[in-house]
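Some notes on the structure that comes next.
The values are calculated or read from the model by the stated rules, or taken from the named source; none is laboratory data. Just so it is clear, the structure is predicted and the values come from calculations on it, not from any experiment. As a convention, Cβ positions derive from the backbone with ideal geometry for all residues, glycine included, and neighbour counts pool all protein chains shown. Please note that ligands, DNA and RNA were not included when accessible areas were found on the heavy atoms of the full protein model with its side chains. Shrake-Rupley method; radii C 1.70, N 1.55, O 1.52, S 1.80 Å.
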Amino acid sequence: MKNSIYYTTLLLVTVLVMPSCNQDKFLDTPAPTMSDQTFFKDDAAALNALAGVYDPIAWYNFAQLTEWSIGDATSDDAEKGGGGDGDYAEIFVLTNFTSNAENPLIYERWRDLYVGINRANKLIEGITDNDNIESSVRDRVIAEAKFLRGFYNFSLVKTFGAIPIVDHILSPSEYTNPRNTLDECWAFIEKDFKESMANLPKKSQLSTAEMGRATWGAAASFLTKSYIWQQKWTEAGLLATDIVNSGEYDLEPNYADLFIIDTDNGIESVFDIQFADLQSPAWLNGNEGSHLEVMQRSRDARNGGWGFKPTNPGFVR
Amino acid sequence: MKKLYLGLAMWLFVIPAFAQDTNNQEVSASSGLVKGSVKGADGEPLVGATIIIKGTTNGTIADADGNFRLEATQGDVLVASYIGSFTSELTYVGQTKIDFILETDITSLEEIIVVGYGTQKKADVTGAISLVDMDELNKRQVATVDQALQGQVAGVDVTTNSGTPGGGIMIRIRGTGTLNDSSPLFVVDGLMVDDINFINPNDIESMQVLKDASATAIYGSRGSNGVVLITTKKGEEGSQIQLSTYAGVQNFWRSTNVLDASTWGQLRNEAMVAAGNPAPILSPENLENTNWFDEIKNENAAIYSINLSLSGANKKGNYFISANKFSQDGIIKKTSFERLSFRVNSSFNVKPWLKVGENINIAKSTSQRGVEQDEWTSMVITAIAKDPASPVRYDDGSFAAGTYNDTWNPAAVIEYTNNDDVVYRTIGNVFADVTLTEGLTFRSSYSLEYSFGETDNYRPVYYVSSVQQNVISNYSKNNSSRFIGQWSNTLNYKKTVGDHAFDALLGYETYSNDYQYNGLSVNDIPSDNIDVRYIDNATGSNAATVWGSINQVRQLSALGRVNYSFKDKYLLTANFRADASSKFSKKNRWGYFPSFSAGWRISDESFFSSVSVINNLKFRVGWGLIGNQGSVPPYQDITTSSAGANYLWGGALAAGSSFPGSGNDEIQWETSGTTNFGLDFGFFEGKLSGTAEYYIKTTTGMLLQVPIPSQAGIQNSPTLNAGEMKNTGFELALLYRNNDNKLRYSFGGNFSKINNEVVDLGAADAFIDGAFFMNSFNVTRTTAGSPIAQFYGYKTDGLFQNQAEIDAQTAQQNVAPGDVRYVDADNDGELDFEYLGSPLPNFTYAFNASLGYAGFDLSVQIQGVQGNKIFNGTSFYKRSSTANWNLGRDMVNRWTGEGSQNDARYPRMNAADVNNSLMSDRYIEDGSYMRIKNLQLGYNFSKSLVSKLKLSQLRVYVNAQNLLTFTKYSGLDPEIGVNGYSPLDLGVDRGFYPQARVYSAGLTVTF
């Protein structure tokens, strides 16, 4: 019996004392990833996040699909193509204007472009006044993020008209903000392009390793396009003249050379979305290749493509 | 090897023909010494069973071998009884030996059942706890324990997620309680685990299902979806060796029912002509037919199991040792599952006050999986959709591309798919039971699980067609390891003072779960030879893609329970558990989960003693709150970066990162409250018994990733506590059992009805869509005020019969007579999506019957669901107007002219169709089914023969699984769960791997 009492006491002490030992130490499990609080610690991190802001412009849903399915196929420039009307019927209904709101193409374009905007905002908020990053790097990275934000907004407005302007990381109460007016949208786009022009390098200043990153010429050109969309002919004319006179660009002597690999990012290129042929299939998002090569290739057995987006003869003439 | 087992099984059938019942009844003196034995239905001696002469107090007790001796006079009736078994009576007519076999009585109220961190007498239970009848279960052949649960317990729905060997199972206890994962918690010998696939079904001693909050509250944070408690076998008095084995063959029970080449050719021509093209096939009647279904089928796929166990016990301790090999080939080529497992359970009485022991299970599972649940390329889909006029191979032996369409060649899919999976798993615990003083015991148990899994995937270089090709060989390896440690300490005090009985439990528990995964992928393995399939041989090994991370979860808990009963009639139970989870931020870590329940044994009241028909009547009521966080991944409270958001700068890959989510440190425990009313009853001396339950379960603060407006730009919706779901349900379980030594029979059944409603989703008009089908449409939508995941699309209204009908409406353009007409409910000239039915059944049910006469026993299990809908993804191909793919045989009934057909399922042929393939009720079918899940006929050889062979039991049986299925569903199998997709994709058939029909034979020998 004495033994029992001894053991009881011992066990009760164990039972009662053990749980109170440093609960938080036991329960704290650090996340195996960087949090947004610790991420922006140096120049490399800023550039890493910047590549993330570029990423969506090469995404399947945007550059490889909705640009032509919403942009070209619904116009007289091209047809849907593919294997009959039922092959990608979501595009077919766009081309004859019978699509309803459930069409995923429309939604995906909206969604993916806003992902790019969110990434730009996250980067701008993360490095503005952040002294971990060298100021010259900081200025250029912010300028590029603003250019890309302008580009994403420009692409949205082209398709949807007025949109809700998102110029910062939204709090849950702001998720349902209504659309701004079209004028406000254009003003915001112009502002981003103008601010980015100030800190972006000229194309001639890019090193080979930087080819594909935004330049003064790219921002100026998209600003020009924005003026044209608003029929601000005077501003467009003046800025376009500046771009032409900058000496940064010219036409390829031979038009056909535009389509060969040697002229990639060549003299006629102002801003190219960069695609790779790194792996096969190169066109998965992670592989940074373009799906268009197989989609647009002719459908016959020799070419093995899918035959989408055949150009109308009228467009070429 | 497999042939050997088949041969062995066949040989077994011959034996019964020679065996004769030699249970002779020699008559001797009018009175004398009767010798006999008392054994259970499984042949185990029932030590301590009492045998008395009816109407007297003369009696004796069976010894360690179950034997007894008793003086009796001819004409005396001997009554044998044993706790937890039916009593049995035999008349002494001068036999030299009287052998009793007592069937286990699961309805016995004296039975001690496991209730979580302890045990309780069944009569005293106040929560909703169902016992699985292990005798019934032993008469079923199942690969995994979860399959064994199917149809056994009211309110427990078991659906196979895939018929592939070793495939997953979806278990729902009282339906879908949350938009999160609704899988129950499994507790094996005290350890909380996520699945029970690794357990050898032969090792299970008992299974209990805890259904309501008052029963599961002791598992607080993990118990909201119900708990399945599994206890593995212990050695029993004496020693025993048992060998059991079976072998069988499996086949598809249904065919794909698609057209032959010439009929398809005619319809294809018709479709092309309708689209304004020339007929592409000149003479369809001369087309050579390819049966693609035959190309994927593995006929008479083998299945076998061998199980050997040794067990025993004495005063010092007990042991149970088992080894099992289970092997199953799939009914689709290149799919298989094999499990090798060992178990050692033992305990030792070290001191009068100390008992220590361990349960250890080691298992190795290997499986091969094919392409499944993918509406484009899964084997089932391609075997249906591939046109029957294309050959399998060209004359040179290479796989043929489609002649008429580019659906993947299914034979090539099988040839080029190499998925091999292996999982090593060790699960076990060590425990000590200390008796401190009379009634006060302490138990400490440390349980652990270590598992290591590896998946190999190899894709050789091949070219079948432009859409089915691989230009560079690729080999990838994924491995993952998991370590779970759980330390439970409980103090238990039992005391009875007069009419008052107390049973109190206090404890705490720590739980940690560390998961790690790594993978790599290399290109360019120089040969397809499996012997050189190693990373080092890849010419591209310097450019391997690698990935890996970890995932840690910790949980700290305190728990307590008090049971109080007064005169064994009035019963009260209170549970309390507090849990802290590492998944929540510091301020929201702790959740507190109480429950209370009460029971009233009405039949024990004195006013009831005159009612002899009713021998048991108990009313129960309970309420409790339970937490849930199970399926929420950790680290949701912070915003984390994610690599892989890459781009190209200067032609080289620029590594990029993004913040795809948005952390929310406000998230906390999801809680569900359940109120439960139950009635347990037994009539006619327990021959008819049953349980009825009614419950209301409301889950609030569901941890959801509520989709947020996409202009926020957040790819992974943040986790919020939002929304509310309500389930009300009714369950009934009945069992009628009669026990006579000659004819034994029992009939059981259960029924469950659940009404599910998503009460709230956080915002007024919020909805959650299920996954895409064919990149074209969402199949389901979940909104407040309706059951979860209803099908969502257009409603059809027959077919346009003529141009006048088309001209009379404006909602559909580009249509011609024979096309599907959709309903424009609000008449605004635009088509509207509508809800097209729910994948949840109106009710589910099961029947079990067993019959025994002399040495024979027959048992049957029938199981069914009623009133659910299924989205038949295969119909998207089989009923396509384009005839681009092969069509279902019923498409010969297509619309061919005005009045020929008005069923929207069978529109005209038109290769350019875009109208008829929209998401609509054309693809929604009645998913009700009733299935003869299992049928078994067995024979127990007579004792005299068995003892001559120095055995204690010998049983042979034949078994059929999925013998018959009654359903209107036109797909390959109506029993579909969810596979790899979220619970919102319930009832979406993307080409499920169907269940096999299995015929087998088996043998059990006990030494």
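Before moving on, here are some points about what is shown:
- The listed residue being buried (at least 18 other Cβ atoms within 10 Å of the Cβ), touching a residue at least 24 places away in the same chain (Cβ under 8 Å), of a type in the set (A, V, I, L, M, F, W, C) and part of a strand (DSSP E or B), out of B:483, B:431: B:431
- Enumeration of residues in region B:760-780 that are in contact with a Lys or Arg (Cβ under 7 Å, 6 or more places away or on another chain) and exposed (fewer than 15 other Cβ atoms within 10 Å of the Cβ): none
- Set A:196, A:135: member being buried (at least 21 other Cβ atoms within 10 Å of the Cβ) and away from chain B (no Cβ under 14 Å): A:196
- Residues of region A:195-217 satisfying the condition of being under 14 Å from residue A:147 (Cα atoms), in contact with a strand residue (DSSP E or B) (Cβ under 9 Å, 6 or more places away or on another chain) and not charged (D, E, K, R): A:212
- Among the residues of region B:691-722, those that are at pLDDT 90 or above, buried (at least 20 other Cβ atoms within 10 Å of the Cβ) and more than 14 Å from chain A (Cβ to nearest Cβ) comprise B:691, B:693, B:695, B:697, B:699.
- Residue A:270 falls short on exactly one of the conditions (1) within 22 Å of residue A:54 (Cα to Cα); (2) outside any helix (DSSP H, G or I); (3) in contact with an Asp or Glu (Cβ under 8 Å, 6 or more places away or on another chain); (4) away from chain B (no Cβ under 14 Å), and that condition is (3).
- Filter result for residue B:995 (more than 14 Å from every other protein chain (Cβ to nearest Cβ), surrounded by fewer than 22 Cβ atoms within 10 Å (Cβ to Cβ), on the phi < 0 side of the Ramachandran plot and polar (S, T, N, Q)): no
- Highlighted here are the strands (runs of 3 or more DSSP E) found entirely within region B:686-752 that include at least 3 residues which are closer than 15 Å to residue B:664 by Cβ: B:703-705, B:719-721.
- When region B:759-773 is filtered for residues that are at the interface with chain A (Cβ under 10 Å from one of its Cβ atoms) and touching a residue at least 40 places away in the same chain (Cβ under 8 Å), the ones remaining, listed by number, are B:763, B:769.
- Failed condition for residue B:845, given (1) within 19 Å of residue A:100 (Cα to Cα); (2) open to solvent by 30 Å² or more (accessible area, probe 1.4 Å); (3) touching a residue at least 24 places away in the same chain (Cβ under 8 Å); (4) hydroxyl-bearing (Ser, Thr, Tyr): (1)
- One residue from A:94, A:105 being assigned to a helix (DSSP H, G or I), open to solvent by less than 40 Å² (accessible area, probe 1.4 Å) and more than 11 Å from chain B (Cβ to nearest Cβ): A:94
- Test: residue B:912 is open to solvent by less than 10 Å² (accessible area, probe 1.4 Å) and within 14 Å of chain A (Cβ to nearest Cβ): no
- Candidates are the residues of region B:75-116 that are within 20 Å of residue B:688 (Cα to Cα) and among the aromatic types (Phe, Trp, Tyr); the one that is modelled with the lowest pLDDT is B:86.
- Here residue B:566 clears all of (1) more than 14 Å from chain A (Cβ to nearest Cβ); (2) out of contact with any Gly (no Cβ under 7 Å at 6 or more places or on another chain); (3) surrounded by 14 or more Cβ atoms within 10 Å (Cβ to Cβ) except the condition numbered (3).
- Filtered residue count, region B:525-546, keeping only those that are open to solvent by 30 Å² or more (accessible area, probe 1.4 Å) and within 11 Å of chain A (Cβ to nearest Cβ): 2
- Long-range neighbours under 9 Å by Cβ, at least six apart or interchain, first residue charged (D, E, K, R) within region A:278-302, second at pLDDT below 65: A:288/A:278; A:288/A:279; A:288/A:282; A:293/A:282; A:293/A:283
- A count restricted to region B:72-86 and to residues that are assigned to a strand (DSSP E or B), open to solvent by 20 Å² or more (accessible area, probe 1.4 Å) and farther than 15 Å from residue B:100 by Cα stands at 1.
- Residue in region A:178-186 that is surrounded by 18 or more Cβ atoms within 10 Å (Cβ to Cβ), within 25 Å of residue A:273 (Cα to Cα) and modelled with pLDDT of 95 or more present: yes
- Pair list, Cβ under 9 Å, 6 or more apart: region B:504-520 residue at the interface with chain A (Cβ under 8 Å from one of its Cβ atoms) and of a type in the set (Phe, Trp, Tyr), other residue in a strand (DSSP E or B) and crowded, with 17+ Cβ neighbours inside 10 Å: B:508/B:488; B:508/B:489; B:508/B:490; B:508/B:556; B:508/B:557; B:508/B:558; B:508/B:559
- Test for residue B:385: is it in contact with a strand residue (DSSP E or B) (Cβ under 8 Å, 6 or more places away or on another chain) and at pLDDT 90 or above: no
- Of the residues making up region B:546-604, those that are assigned to a loop (DSSP other than H, G, I, E, B) and more than 25 Å from residue B:678 (Cα to Cα) are B:582, B:583, B:584, B:585, B:589.
- Region B:337-376: number of residues that are open to solvent by 20 Å² or more (accessible area, probe 1.4 Å) and closer than 20 Å to residue B:190 by Cβ: 11
- Output for region B:871-888, where each listed residue is away from every other protein chain (no Cβ under 14 Å), buried (at least 24 other Cβ atoms within 10 Å of the Cβ) and of a type outside the set (S, T, N, Q): B:871, B:873, B:878, B:887
- Region A:237-258, residues that are hydrophobic (A, V, I, L, M, F, W, C), without any contact (Cβ under 8 Å) to a residue 12 or more places away in the chain and either open to solvent by less than 40 Å² (accessible area, probe 1.4 Å) or closer than 21 Å to residue A:218 by Cβ (or both): A:238, A:244, A:258
- Test for residue B:388: is it open to solvent by less than 10 Å² (accessible area, probe 1.4 Å) and in contact with a Leu (Cβ under 7 Å, 6 or more places away or on another chain): yes
- Remark: pairs (first residue in region B:267-295, farther than 17 Å from residue B:894 by Cβ; second residue open to solvent by less than 60 Å² (accessible area, probe 1.4 Å) and β-branched (Val, Ile, Thr); Cβ separation under 7 Å; 6+ apart in sequence or on different chains) = B:287/B:281; B:290/B:392; B:293/B:256; B:295/B:392.
- Note on region B:637-650: among residues that are in contact with a Gly (Cβ under 8 Å, 6 or more places away or on another chain) and not in a strand (DSSP E or B), the one that is least open to solvent (accessible area, probe 1.4 Å) is B:645.
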